[in-house]
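The values are calculated or read from the model by the stated rules, or taken from the named source; none is laboratory data. Everything quoted here is computed from the prediction, not taken from an experiment. Cβ: placed from backbone, ideal geometry, glycine included. Neighbour counts: every protein chain shown.
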Amino acid sequence: MNGETLSGPAIALSGVTHRFSTPDGRSLTALRDITMEVGRGEFVAVVGPTGCGKSTTLSLITGLAKPSAGSVEVMGAPVAGIDRRIGFVFQHDAVFPWRNVANNVAAGPLFRGSPRAEALELAGEWVRRVGLAGFEKHYPHQLSGGMRKRVALAQTFINRPEILLMDEPFSALDVQTRILMQDELLGLWSSLGASVVFVTHDLEEAISLADRVYVLTSGPGTVKSIYEVGLPRPRVISEVRFLPAFVELSRRIWSDLRE
Amino acid sequence: MKSKIRDESAPALEARDAAAMAKAKARKRFVIFLRIAFLVVILGGWELSARLKAIDPFFFSMPSQIFGQVWSWAVEGTAQGSLWEQIWVTLSETLMGFFIGAVTGILAGILLGRNALLADVFSVYIKIANSVPRVVLGSIFIITLGLGTASKVALAVVMVFFVVFANAFQGVREADRDLIANARILGASPRQVTVSVVLPSALTWITASLHVSFGFALVGAVVGEFLGARKGIGLMIATAQGTFNAAGVFAAMLILAVVALVMEYLITGFENALVKWRPAPLADS
């Protein structure tokens with residue numbers, strides 16, 4: 001590997017178009033000519049209305065979907081299959097309902113061939129880090145939505161991903177829990193230093209978390225505009241939204257979206 | 001609203017809880033009473049109308065005769081040996097057929113559920129095979145496999161296989177796509193996805209089918225014995241039928257019902273042990 005590859009962007013989409021073929025044989029364009037770059041350790045948020053192809057963007061980066069045109073590169077190399085350096089947090093609960101908390105968190109290391117005892121020990125550590133100590137033996141249905149989300153975060157972070165993709169992870173939570181989880185996420189992210197793509201339809205959430213916000217429009221999804229968020233870190237979510245710079249940026253994006 | 005709840009003293013709350021519990025208990029006792037009353041009315045009515053010759057006891061028998069028949073079978077044995085042996089023969093045929101049919105059904109369901117090409121190729125044949133009344137196959141099995149256990153097991157297997165297969169297949173197809181994607185991203189190989197995501201998701205479907213298919217296995221074994229056998233409850237029914245012994249037919253039916261209920265109870269226990277991660281149902285009697 002040369003120096004350029006190491007210092008290049010973590011994720012680079014250039015001129016990406018993605019088409020679906022529907023069962024009745026028609027072709028549907030979900031994304032058109034998307035160009036996006038995420039630097040190492042950068043936190044990027046993607047905002048847009050429902051159905052604008054935000055989730056498809058993430059599928060392209062994970063390798064679960066392939067672009068119809070253009071290129072998707074992760075860490076300087078084209079995406080080929082599922083990359084071990086990627087972590088993904090889903091919108092809905094994707095924790096395994098038949099595994100208890102400890103076994104859910106240990107899933108990644110176990111799948112990747114760690115010995116059971118070692119994986120469970122590591123899992124115990126992560127369960128504590130997300131504040132679920134004492135719940136190791138609980139099954140997901142015995143936990144609240146916020147606690148299940150913590151399990152999902154621990155499950156993803158235990159693999160120490162260099163790239164973290166999040167698909168509206170907190171949209172199903174109540175406002176209070178959501179703010180707690182956002183703070184939790186920023187804490188975990190700052191200790192891990194991963195590059196993040198955070199998809200959301202909540203503009204305030206995007207601004208309060210990210211370094212940069214991509215705004216997509218729908219039908220088919222295209223990048224409408226990009227905003228730099230100059231807010232200082234570390235941020236406290238419940239306070240950052242009252243900063244004048246936050247309010248100003250939020251107003252600018254809203255007025256752009258209205259056009 | 002909140003202050004109202006707080007205003008209530010602890011003893012008052014306790015009294016209300018106790019009252020609610022007493023009410024629930026009383027209702028439960030009432031239900032059990034009604035169940036027994038229903039049984040008494042049906043059996044009593046049957047017995048009475050048979051004794052008063054309102055219905056012909058030769059065709060319809062009567063509860064006392066049926067229980068008498070069960071008793072004499074249990075004590076004196078049946079025409080083809082002891083009652084317990086007959087039960088055991090039928091039960092072992094049923095269990096073998098059930099086990100083989102369930103295992104092959106689950107394996108085939110997972111294989112076709114996970115492989116779209118195999119599913120597209122074979123689904124049409126399975127549909128055809130499923131539309132054949134499978135009991136008819138019993139005659140073929142008797143011809144090829146003889147009067148012994150094998151022909152009954154074979155019939156039970158084909159009865160069970162399609163039910164379990166259809167459910168396992170559907171269960172695999174319905175496995176949550178996000179869960180599969182999550183497992184793959186966490187590092188699972190296709191085999192690991194099958195074992196630790198797809199199989200557990202399909203388990204609810206599979207266990208549900210086991211309840212139904214045990215009954216089918218029993219039907220397979222009994223019909224097989226009906227068609228030709230040397231031992232078993234099905235043969236007892238055939239014999240009773242041949243001698244116009246209505247009480248014998250009903251008595252064999254009663255024995256089969258008891259066997260099926262006991263097995264149903266065991267399967268439920270097995271199911272609960274297997275899917276204990278599921279939330280418990282809220283109300284249970």
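Determine whether B:VAL135 is assigned to a helix (DSSP H, G or I) and in contact with a Ser or Thr (Cβ under 6 Å, 6 or more places away or on another chain). No: the conditions fail for B:VAL135.
Entry remark, region B:166-180: residues being under 26 Å from the mean Cα position of the chain (by Cα) and not in a helix (DSSP H, G or I) number 2 in total.
Return a yes/no flag: does region B:84-91 have any residue that is within 30 Å of B:THR149 (Cα to Cα), among the hydrophobic types (A, V, I, L, M, F, W, C), in the same structural domain as B:ALA154 (by TED's automatic domain parsing) and touching a Lys or Arg at 6+ places or on another chain (Cβ under 6 Å).
The answer is yes; a qualifying residue exists.
Looking only at region B:261-273, decide whether some residue is within 14 Å of chain A (Cβ to nearest Cβ), touching a Leu at 6+ places or on another chain (Cβ under 9 Å) and under 30 Å from A:THR156 (Cα atoms). No, the conditions are met nowhere in region B:261-273. Looking only at residues of region B:179-194 that are of a type outside the set (A, V, I, L, M, F, W, C) and within 7 Å of chain A (Cβ to nearest Cβ), we find that the one that is surrounded by the most Cβ atoms within 10 Å (Cβ to Cβ) is B:ASN182.
When the residues of region A:114-166 are filtered to those that are away from chain B (no Cβ under 14 Å) and out of contact with any helix residue (DSSP H, G or I) (no Cβ under 8 Å at 6 or more places or on another chain), which remaining residue is nearest to B:ASP178 (Cα to Cα)? It comes out as A:MET147.
Just checking, does region B:169-178 include any residue being within 14 Å of chain A (Cβ to nearest Cβ), touching a helix residue (DSSP H, G or I) at 6+ places or on another chain (Cβ under 6 Å) and closer than 30 Å to A:VAL95 by Cβ?
Checking region B:169-178: at least one residue is within 14 Å of chain A (Cβ to nearest Cβ), touching a helix residue (DSSP H, G or I) at 6+ places or on another chain (Cβ under 6 Å) and closer than 30 Å to A:VAL95 by Cβ.
Only one of the listed residues (A:ILE207, A:ILE253, A:ILE226, A:ILE237) is among the hydrophobic types (A, V, I, L, M, F, W, C) and closer than 15 Å to A:MET36 by Cβ. That residue is A:ILE226. Applying the set (1) buried (at least 22 other Cβ atoms within 10 Å of the Cβ); (2) at pLDDT 90 or above to B:ALA229 leaves exactly one unmet item: (2). Of the candidates B:LEU52, B:LEU34, B:LEU13, the single residue that is more than 25 Å from the chain's Cα centre (by Cα), at pLDDT 95 or above and exposed (fewer than 15 other Cβ atoms within 10 Å of the Cβ) is B:LEU34.
Here A:PHE111 meets each of (1) away from chain B (no Cβ under 11 Å); (2) surrounded by fewer than 23 Cβ atoms within 10 Å (Cβ to Cβ); (3) without any contact (Cβ under 8 Å) to a residue 40 or more places away in the chain; (4) out of contact with any Asp or Glu (no Cβ under 6 Å at 6 or more places or on another chain) with one exception, condition (1). Among the residues of region A:47-88, those that are at the interface with another protein chain (Cβ under 9 Å from one of its Cβ atoms) and part of a strand (DSSP E or B) comprise A:ILE86, A:GLY87, A:PHE88. Just checking, does region B:102-116 include any residue being surrounded by fewer than 15 Cβ atoms within 10 Å (Cβ to Cβ), more than 25 Å from the chain's Cα centre (by Cα) and either assigned to a loop (DSSP other than H, G, I, E, B) or not assigned by TED's automatic domain parsing to the domain that holds B:VAL212 (or both)? Checked region B:102-116: at least one residue is surrounded by fewer than 15 Cβ atoms within 10 Å (Cβ to Cβ), more than 25 Å from the chain's Cα centre (by Cα) and either assigned to a loop (DSSP other than H, G, I, E, B) or not assigned by TED's automatic domain parsing to the domain that holds B:VAL212 (or both). Note on region B:117-171: among residues that are surrounded by 19 or more Cβ atoms within 10 Å (Cβ to Cβ) and among the aromatic types (Phe, Trp, Tyr), the one that is nearest to B:GLN86 (Cα to Cα) is B:PHE141.
How about region A:89-105: which of its residues are facing chain B (nearest Cβ under 7 Å) and under 20 Å from B:LEU274 (Cβ atoms)? Correct list: A:PHE96, A:PRO97, A:TRP98.
Can you pull out the residues in region B:199-226 that are over 10 Å from the mean Cα position of the chain (by Cα), more than 11 Å from chain A (Cβ to nearest Cβ) and surrounded by fewer than 23 Cβ atoms within 10 Å (Cβ to Cβ)? Result: B:TRP205, B:THR207, B:VAL219, B:VAL223, B:PHE226.
If you go through region A:195-243 and keep only what is touching a Gly at 6+ places or on another chain (Cβ under 9 Å), more than 15 Å from A:ALA45 (Cα to Cα) and surrounded by fewer than 17 Cβ atoms within 10 Å (Cβ to Cβ), you end up with A:SER218, A:GLY219, A:PRO234. The single condition among (1) surrounded by fewer than 10 Cβ atoms within 10 Å (Cβ to Cβ); (2) in contact (Cβ under 8 Å) with a residue 40 or more places away in the chain that B:GLY68 does not satisfy is (1). Taking helices (runs of 4 or more DSSP H) as the structural unit, those lying wholly within region B:181-285 and holding at least 1 residues that are small (Gly, Ala, Ser) and within 17 Å of B:GLN69 (Cβ to Cβ) correspond to B:233-242, B:246-274.
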